[in-house]
Each structure stands twice: as structure tokens, then as C-alpha cells.
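Asks: Can you read through this structure? Questions will come right after.
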Amino acid sequence: MPLEPRHGRESPRPDPRLRGGKSCRTTNFFIKEAADPAFVSWHQDSTYWGLSEPDAVTAWVAFAQATEANRAMEYIPGSHKLDQIPPSRHLLQTQPFDGQEVMVEVDHSQQRIITLRPGEMSLHHVRLVHGSPPNPSNDRRIGFAIGYIPTSVAPLAGEDSATLVRGDDRHHHFIPEPQPSHDLDPEFVALHRAITERNARILYRGTEIASYNEPKTLVQRG
């Protein structure tokens with residue numbers, strides 16, 4: 001659900017499930033250009049995040065309006081309670097990202113759409129079945145996705161890194177990412193590039209794609 005900013009209100013007591021160390025594993029812009037045919041099929045993020053446990057959440061922050069017209073994210077309520085659903089293998093062979101479509105019959109009467117104004121955000125669990133169709137409108141849809149994990153979760157798809165954002169990391173499963181000293185520091189620009197390429201290899205593992213810059217991925221990251 002969209003989360004409204006809290007101005008001058010007393011914050012609620014923290015949920016016990018939020019205790020302990022928390023890290024930010026990924027940040028990505030998701031941009032649908034106007035009249036863009038790119039789409040993201042029904043999928044679970046847990047299919048390709050390569051984590052030891054389905055214990056992760058994404059904060060999807062709207063930088064522009066996300067509406068029904070420009071095809072905001074759609075989801076199936078309650079699907080986060082499902083186990084891991086295998087993706088369709090024949091789609092994986094031809095469309096490595098869009099092909100993460102789950103091998104279940106989606107009841108379209110149950111699907112919901114998350115509309116957001118700029119500055120609002122939604123939260124979704126790593127097992128939530130979600131996706132978004134092509135954008136036929138004349139407006140761009142711009143979202144910034146932030147992936148959070150507890151420090152108890154470990155990477156299963158090779159070496160990975162994360163930024164500690166809360167508490168202490170008592171597990172040390174992920175390589176700690178340093179903080180940049182200033183904007184566009186060449187050393188950190190190079191580090192960001194290396195991390196991005198490594199994340200691409202994790203996401204596209206099992207395919208011939210090894211970089212987000214390959215043309216096939218550029219049309220699929222809607």
C-alpha cells in the first residue's frame with residue numbers, strides 16, 4: 001500500500017520483525033518510456049535474487065506518477081504467502097528477464113494495481129507474484145526500487161555485497177560496501193560498475209547474458 005509521509009505524528013512502536021541488522025542489497029531505476037512495448041511478466045523476485053531465505057522486501061518509490069494509464073505495477077494479493085514457484089522454462093530460454101513468468105494460472109480477477117503519486121512508495125515481499133504490462137501512454141513511469149534484507153540472509157549465487165543500513169552485521173554473509181567520499185568519486189564509480197555487473201550475472205545466471213548493457217536486456221527492463 002502507498003505510505004503517506006508522516007508530519008508531526010508520533011511514530012508507531014517498531015514491529016519486532018524489524019529488529020536486528022538490515023542491509024540494502026540493491027537499488028535500481030525502473031523506467032517505462034512513453035509508448036514502450038517492454039513488459040515484465042508475472043514473477044516472484046525470489047526466483048532470481050539468489051538468497052538463502054525468502055526474507056526480503058522491496059521499497060518501490062515513485063519518481064513520477066504510476067497510474068493505470070502508464071501501467072503501474074500489478075500484483076496478486078496474498079501471493080507472498082506462496083512457496084517458490086518454478087518459472088516457465090521455455091520462456092527462460094527465449095526471454096531471460098521477462099521469461100521469469102511463474103508456472104501458475106494467474107486469476108486476473110484477483111489482480112490489483114498499485115497507483116502512486118511522486119514521492120509515495122509501495123512495499124512488496126520477495127515472494128509476491130507481480131508484474132507490469134507495456135506502457136501505451138504518453139507519460140514516462142519512473143520508479144526507484146530499493147531491496148532490503150536482514151543480515152541473517154546469505155547469498156547463494158556467488159559472491160555478493162550489501163550496505164548495512166541498520167543495526168550490526170553479526171553474520172557477515174555479504175561483503176560490506178563502503179560509503180563514497182564525494183559525488184562521482186572515480187574509485188566509487190568503478191566500484192559501482194563492478195557491483196552492477198556482478199548483480200547482472202546473478203540475475204541472468206543460467207543464460208548467456210552477463211551484463212545489463214547487452215541490447216537484449218535493455219528492452220526487457222521495463
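Asks: How many residues does the range 153-172 hold that are assigned to a loop (DSSP other than H, G, I, E, B), modelled with pLDDT of 95 or more and surrounded by 15 or more Cβ atoms within 10 Å (Cβ to Cβ)?
Replies: Total satisfying the criteria: 4.
Asks: If you don't mind, another one. Is the range 194-203 home to any residue that is in a loop (DSSP other than H, G, I, E, B), without any contact (Cβ under 8 Å) to a residue 24 or more places away in the chain and either more than 20 Å from Ile146 (Cβ to Cβ) or touching a helix residue (DSSP H, G or I) at 6+ places or on another chain (Cβ under 8 Å) (or both)?
Replies: Just the residues of the range 194-203 that are in a loop (DSSP other than H, G, I, E, B), to begin with: none.
For the range 194-203, residues in a loop (DSSP other than H, G, I, E, B), without any contact (Cβ under 8 Å) to a residue 24 or more places away in the chain and either more than 20 Å from Ile146 (Cβ to Cβ) or touching a helix residue (DSSP H, G or I) at 6+ places or on another chain (Cβ under 8 Å) (or both): absent.
Asks: Right, something else. Quick check on the range 73-90. Is at least one of its residues in a loop (DSSP other than H, G, I, E, B), buried (at least 21 other Cβ atoms within 10 Å of the Cβ) and at pLDDT 90 or above?
Replies: Start the filter on the range 73-90 by keeping residues that are in a loop (DSSP other than H, G, I, E, B), which leaves 73, 76-78, 82-86, 88.
If we keep only those that are buried (at least 21 other Cβ atoms within 10 Å of the Cβ) too, we end up with 73.
Pick out the ones that are also at pLDDT 90 or above and you get 73.
The answer is yes; a qualifying residue exists.
Asks: What do you reckon, is Thr27 buried (at least 17 other Cβ atoms within 10 Å of the Cβ) and touching a residue at least 12 places away in the same chain (Cβ under 8 Å)?
Replies: Working: buried (at least 17 other Cβ atoms within 10 Å of the Cβ): no; touching a residue at least 12 places away in the same chain (Cβ under 8 Å): yes.
Taking the combined requirement at face value, the residue does not satisfy it.
Asks: If I ask for residues that are under 14 Å from the mean Cα position of the chain (by Cα), in a loop (DSSP other than H, G, I, E, B) and small (Gly, Ala, Ser), which ones from the range 22-54 would you list?
Replies: Gly50
Asks: All but one of (1) within 23 Å of Ser79 (Cα to Cα); (2) part of a strand (DSSP E or B) hold for Leu128; which doesn't?
Replies: (2)
The values are calculated or read from the model by the stated rules, or taken from the named source; none is laboratory data. Every value quoted in this text rests on a predicted model; they were computed, and no experiment measured them. So basically every Cβ, Gly included, is an ideal-geometry build from the backbone, and we count neighbours across all protein chains shown.
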